[in-house]
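K.L.:
First, the structure itself, so that you have it in front of you.
The values are calculated or read from the model by the stated rules, or taken from the named source; none is laboratory data. Everything numeric in this text was worked out from a predicted model, so none of it was measured. Cβ coordinates were reconstructed from backbone atoms using ideal geometry, including for glycine residues, and neighbour counts include every protein chain displayed. Note: accessible area is taken over every heavy atom of the protein model, side chains too, but ligands, DNA and RNA are not part of it. Shrake-Rupley method; radii C 1.70, N 1.55, O 1.52, S 1.80 Å.
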Amino acid sequence: YLMNKIKVAILGIVHQKGIDFLRQKDFEVFEVKNFEPEYLKEKLEFVDGILLRTSKLDKNILKNCSKLKIISRHGVGYDNVDADYLNQKKIALGITSKSNAVSVAEHVMTFFMYLTKNLSTSDKLVRDGNFKKKSELPDFFELYEKKVLIFGFGRIGKEVAKRCHGFGMKVYVYDPFLDNSVIEEHNCIPTGKKEGLSLADYITIHLPLNEETRNFISKTEFNVMKKNSIVINTSRGGIINEIDLYQALNEKMIKSAGIDVFESEPPDPNHPFFKLDNILLTPHNAALTLECRMRMSQEAAENIYFYLKEKNKLNYENLVNKNYL
Ligand code: NAD
């Protein structure tokens with residue numbers, strides 16, 4: 001009897017909601033927490049679906065998955081999967097397009113505000129008995145009327161723009177894949193890459209990682225930024241060149257940075273970022289609020305269930321490679 005159940009592997013830790021949903025639909029669900037390629041090859045050989053967090057699934061592993069019909073990403077980026085291979089084999093690739101833009105946008109605003117008011121310094125004043133030195137804080141500013149540049153005006157970029165408008169910021173957008181009219185409809189100002197970098201007080205990146213966007217922000221870009229600029233990356237490590245960012249921060253070419261994503265995760269214990277005091281780091285958790293984890297787990301599970309059982313209910317926006325299937 002078990003042999004006939006649809007088998008789904010959950011790769012990584014996800015909220016119980018999606019797991020329960022699939023079990024209620026009588027799927028056989030098991031969790032995998034070891035991501036060694038040889039182990040995965042064996043474990044995934046007969047699965048119909050994979051619900052995938054951030055571990056890497058390359059061709060070497062995928063070619064062993066003889067029954068695989070869908071990989072459903074818990075999230076929206078899919079640079080950890082060999083998408084070309086999936087296209088070629090007509091295996092579906094799903095994302096959770098409805099779930100995480102708000103959580104990431106709130107993370108960006110948190111970085112903006114924390115770094116702008118330099119809150120750790122205030123907290124320290126109170127604890128150290130220096131309450132009365134409050135008027136002497138040099139790094140204490142406002143977002144109001146500042147210029148923000150958004151790279152990539154997709155789901156997350158648009159949510160960030162809304163929140164920046166709420167703070168009275170002037171919002172510039174660079175996204176050559178969109179018509180300027182789309183950017184203007186959202187009360188934002190379309191700009192060129194270099195032009196935007198040279199006028200922005202805040203820079204935030206919302207691009208997918210691919211061959212075109214690797215090292216999108218490197219030395220050349222830091223050279224044109226303003227000295228007071230604050231740079232945020234919640235997209236993917238590798239889009240900002242880490243050595244060049246370290247140098248820009250160390251030499252005070254820019255003011256500070258907020259980084260959620262790293263070229264290699266977790267970062268090396270001796271990573272040069274750890275030596276800096278003008279960078280704020282988070283462990284790739286921009287989308288890991290409880291609300292967002294519940295939504296992502298459910299949406300990723302639904303993608304698998306609908307794709308295999310009720311195609312009429314599937315949100316086709318979530319199917320990255322629908323044109324190949
Ligand atoms: P999206 O696909 O909705 O938007 C991406 C936008 O970037 C699109 O509008 C596209 O036109 C634009 N773009 C693509 N290439 C470009 C280029 N070379 N130059 C300028 N613009 C370009 O994606 P999204 O949902 O907004 O997410 C963006 C990225 O954020 C994801 O790919 C993912 O890697 C990352 N992300 C990270 C977290 C996190 O936890 N830190 C969570 C969610 C998403």
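K.L.:
Enumerate the calculated ³J(HN,Hα) couplings along segment 178-191 in order (Karplus 6.51 cos²θ - 1.76 cosθ + 1.60, θ = phi - 60°), each rounded to whole Hz, writing x wherever the residue is Gly or Pro.
P.N.:
Residue by residue, segment 178-191 yields 10, 5, 3, 4, 5, 5, 5, 4, 8, 6, 10, 10, x, 8 Hz.
K.L.:
Determine the gain in length on full extension of the stretch Asn323-Ser181; use 0.36 nm per residue of separation and subtract their C-alpha separation, reporting nm with one decimal.
P.N.:
48.4 nm
K.L.:
While we're looking at this one, here's another question. Around Ala92, which amide H atoms from residues at least 5 apart in sequence, or from another chain, sit under 5 Å from its own amide H, with H modelled in the peptide plane?
P.N.:
Ile70, Ile71
K.L.:
Net charge near Gly129, counting Lys/Arg +1 and Asp/Glu -1 over other residues with Cβ under 15 Å of its Cβ?
P.N.:
+2
K.L.:
Output ³J(HN,Hα) for segment 318-325: one whole-Hz value per residue in order, computed from phi by the Karplus curve 6.51 cos²θ - 1.76 cosθ + 1.60 with θ = phi - 60°, and x for Gly and Pro.
P.N.:
7, 9, 4, 10, 4, 6, 9, 8
K.L.:
At 1.4 Å probe size, with every protein chain present, just tell me what the per residue accessible area of segment 182-325 comes to in Å².
P.N.:
49 Å²
K.L.:
Taking amide H positions as placed 1.01 Å from N in the peptide plane, with prolines and chain starts having none, which residues 5 or more places from Val173, or on another chain, fall under 5 Å of its amide H?
P.N.:
Close amide H contacts, sequence-distant or interchain: Ile150, Ile189, Thr191.
K.L.:
GNM on the chain, C-alpha springs below 10 Å: top fluctuator among Asn285, Asn130, Asn187?
P.N.:
Asn130
K.L.:
Also, I was wondering about something else. Given just the C-alpha atoms of the chain, how large is their convex hull per residue in cubic angstrom?
P.N.:
Each residue corresponds to 156 Å³ of Cα convex hull volume.
K.L.:
Of Lys59/Lys275; Lys5/Lys69; Lys17/Lys98; Lys33/Lys158; Lys90/Lys311; Lys56/Lys313, which sit over 26 Å apart, Cα to Cα?
P.N.:
In this structure, Lys59/Lys275; Lys33/Lys158; Lys56/Lys313 lie more than 26 Å apart at Cα.
K.L.:
Additional query: For segment 123-135, just list the computed ³J(HN,Hα) in residue order, Karplus coefficients 6.51, -1.76 and 1.60, θ = phi - 60°, integers in Hz, with x standing in for Gly and Pro.
P.N.:
Those phi angles translate into 4, 5, 4, 5, 5, 8, x, 9, 3, 6, 7, 4, 7 Hz.
K.L.:
Calculate for the chain the 222 nm mean residue ellipticity that helices alone would give, adding -39,500 (n - 2.57) per DSSP H run of length 4 or more and normalising by residue count, nearest 500 deg cm²/dmol.
P.N.:
Roughly -10000 deg cm²/dmol at 222 nm, from the helical runs in the chain.
K.L.:
Given the options Ala300, Phe273, Asn312, identify the residue whose Cα lies farthest towards the positive end of the charge dipole of segment 243-325 (+1 on Cβ of Lys, Arg; -1 on Cβ of Asp, Glu).
P.N.:
The Cα lying farthest towards the positive end belongs to Asn312.
K.L.:
OK, next. Considering only the other residues whose Cβ falls under 13 Å of the Cβ of Leu149, what net charge follows from Lys and Arg at +1 and Asp and Glu at -1?
P.N.:
+2
K.L.:
Also, quick follow-up: Arranged from highest to lowest average of other beta-carbon atoms within 10 Å per residue, in what order do the peptides 228-238, 79-89 appear?
P.N.:
228-238, 79-89
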